[in-house]
Amino acid sequence: MGQEGQLLDKKSLRTVTGKTADSNELAKDCIAFANATGGRLLIGIEDGHSKPPSGQRVQPELLDTVRRRIAERTVNVTTLPDVSSNGDDQYIVLVIPRSISVASTTDGRYFIRIADQSKPVTGDDVLRLAADREARPWEAQTVQWVPVAEADPSKLNALLQALRASDLVKPSVREKTDDELLQHYLLAKGPHLTNLGILCIGQQHQRADLTGAPVVQFLKYDEQR
């Protein structure tokens, strides 16, 4: 499941249940991930452990509770909770995409993820954080960590065939491998689909989880181009 760091943190299920629930701490980490490069919270796995406690179950309604509590305490934060399992033992995987706008608490506090800690942002650093929002275009982000192998096979094959058959594509580009073509057109970054890749060759449920509402523009050529 990986080690805690820039893109991953682990928390006990007690963080979101019972009298020990700490919604403010949870909101802080979500804001920090949203202001950095996005990340995942594994809720239900204790620090220093690689799997959930034996017999642990997650009630389906807890996902809505987590989503609601974070929404009540944050601004410009999107959360995508889901239940995962290690055998019969369950835990919550909370995906936090990188925010297009600066994320904060509802009372105006800012945090950012640095290594394995969520650090407060103050003073001029808030201005730098806001300026950085436009540095990474939406289409090139890989906030869902969808493997290229999970793309829609029919869409993927149709796209690759069309690119190699088009005389509008340079010969040097047509000669690239499948992976190189996806990287070249910003459909993938490393082993994962970008937002643009999900939009173009992803499956329906993956597109449904895309954050934001992109404006898509395309050029249609006639016989005279």
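Structure summary
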quantity	calculated
Portion, in percent, of the accessible area of the chain that falls on carbon or sulfur, probe 1.4 Å	49 percent
Which label in [x] 1.24; [y] 0.96; [z] 1.04 gives the computed Rg/Rh (Cα atoms, Kirkwood Rh)	[z]
Relative frequency of Cα-Cα separations exceeding 24 Å in segment 1-115, percent	19 percent
About the Cα centre, charge dipole magnitude for the chain (Lys/Arg +1, Asp/Glu -1 at Cβ), debye	240 debye
Formal net charge of residues neighbouring residue 193 (Cβ-Cβ distance under 14 Å; K, R +1; D, E -1)	-3
Amide H contacts of residue 8 (H built 1.01 Å from N, under 5 Å, at least 5 apart or other chain)	40
In sequence order, calculated HN-Hα J values of segment 71-78 (Karplus, 6.51, -1.76, 1.60; Hz; x Gly/Pro)	4, 6, 10, 10, 10, 6, 10, 10
Binned Cα-Cα distances of segment 145-186, short to long, each 5 Å bin given as a whole percent	5, 22, 33, 24, 10, 5, 0
Qualifying GluC sites (Glu not before Pro) in segment 104-199, DSSP loop, other Cβ atoms within 10 Å at most 14	175
Under-5 Å amide H pairs with residue 188, H placed in peptide plane, nonlocal only	183, 194
For segment 35-45, 3J(HN,Hα) per residue [Karplus equation, 6.51 cos²θ - 1.76 cosθ + 1.60, θ = phi - 60°, Hz, x = Gly/Pro]	7, 9, 10, x, x, 9, 10, 9, 9, x, 10
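The values are calculated or read from the model by the stated rules, or taken from the named source; none is laboratory data. Computed from a predicted model, the values in this text were never measured in an experiment. All Cβ positions, even for glycine, are placed from backbone atoms using ideal geometry, and neighbour counts span all protein chains on display. To get the accessible areas, we keep the full protein, side chains included, count just its heavy atoms, and leave off ligands, DNA and RNA. Shrake-Rupley method; radii C 1.70, N 1.55, O 1.52, S 1.80 Å.
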